[in-house]
Amino acid sequence: MRGKDVVERYKEHIRHEQQVLEEYAGHEIEWADDLLLWYRVRKREIPDDEYRAVAFFKNKEFLRKRGSLTLLYSMYSRMTVELPEPTPEIAFDLLAFRFRMYAAALKQGGYD
């Protein structure tokens, strides 16, 4: 009976982690759309590295590349602590930086 409790707790933990990653992916897809819109409004071309990270989320490549979403989520968690709070003046720059760092992490992690 005790072994079943451990198994059930493990499954519940996995289910929780999957839910967190799904919510994270949904938010990042929205932010990718926003970044593309901001570049379009500013009439600037998006740099290749940032576009690579945007395409990664928009094309849902994380579904085919195991572990990539977890890597990016851990990086996002670190960046939210280390980077300054977004204000209207620096929001675009912070978002562009975040996607640039996502592209670097994907390349370094072998998910490119």
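The values are calculated or read from the model by the stated rules, or taken from the named source; none is laboratory data. The structure presented is a predicted model; accordingly, all values stated were derived computationally and were not measured. Quick reminder, even Gly has a Cβ in these numbers, built from the backbone with ideal geometry, and neighbours come from all protein chains shown. Areas reflect the complete protein model, heavy atoms only, side chains present, ligands, DNA and RNA absent. Shrake-Rupley method; radii C 1.70, N 1.55, O 1.52, S 1.80 Å.
In the complete set of protein chains, residue-level accessible area for Ser74 is approximately 50 Å², probe 1.4 angstrom.
Using the beta-carbon distance between Ser77 and Lys11 and R0 = 30 Å, what value does 1/(1 + (r/R0)^6) give for FRET efficiency, to the nearest 0.05? Efficiency computed from Cβ-Cβ geometry: 0.80.
With all protein chains present and a 1.4 Å probe, how do Trp38, Trp31 order by accessible area, largest first? Please report the intermediate quantities before stating the final value.
Details: Trp38 80, Trp31 100 Å².
Sorted descending by solvent-accessible area, the residues read Trp31, Trp38.
The accessible surface of the range 1-64, taken with every protein chain in place and a 1.4 Å probe, is 52 percent carbon and sulfur.
Add +1 for every Lys or Arg and -1 for every Asp or Glu among the other residues with Cβ under 14 Å from the Cβ of Arg40, and state the total.
Values: positive: Arg42, Lys43, Arg44; negative: Asp33, Asp34, Glu45, Glu50.
Cβ neighbours under 14 Å give a net charge of -1.
Seen through its C-alpha gyration tensor, with square-root eigenvalues sorted a ≥ b ≥ c, the range 13-57 comes out prolate because a/c lies at 1.5 or above while a/b is bigger than b/c. Heavy-atom accessible surface of Glu82, to the nearest 10 Å², is about 140 Å², with a 1.4 Å probe and all protein chains retained. Calculated accessible area for the chain comes out at 72 Å² per residue, all protein chains present (probe 1.4 Å; ligands, DNA, RNA ignored). Projecting the Cα atoms of Ala96, Ser68, Leu35 onto the charge dipole of the chain (Cβ charges, centred on the Cα centre) puts Ser68 farthest toward the positive pole. With a 1.4 Å probe rolled over the protein heavy atoms of all chains, the accessible area of Glu8, Glu85, Glu30, Glu61 falls in the order Glu85, Glu30, Glu8, Glu61, largest first.
In summary, the convex hull built on the alpha carbon positions of the chain has an orientation-averaged projected area of 8.4 nm². Give the shape of the range 41-92 as rounded, prolate or oblate, defined through the alpha-carbon gyration tensor: a ≥ b ≥ c are the square roots of its eigenvalues, a/c under 1.5 means rounded, and otherwise the shape is prolate if a/b is larger than b/c and oblate if not. Judged from the Cα gyration tensor, the range 41-92 comes out oblate (a/c at least 1.5, b/c at or above a/b). When exposed loop sites are taken as trypsin sites (Lys or Arg not before Pro) in a DSSP loop with at most 14 other Cβ atoms within 10 Å, the longest stretch of the chain clear of them is 67-112.
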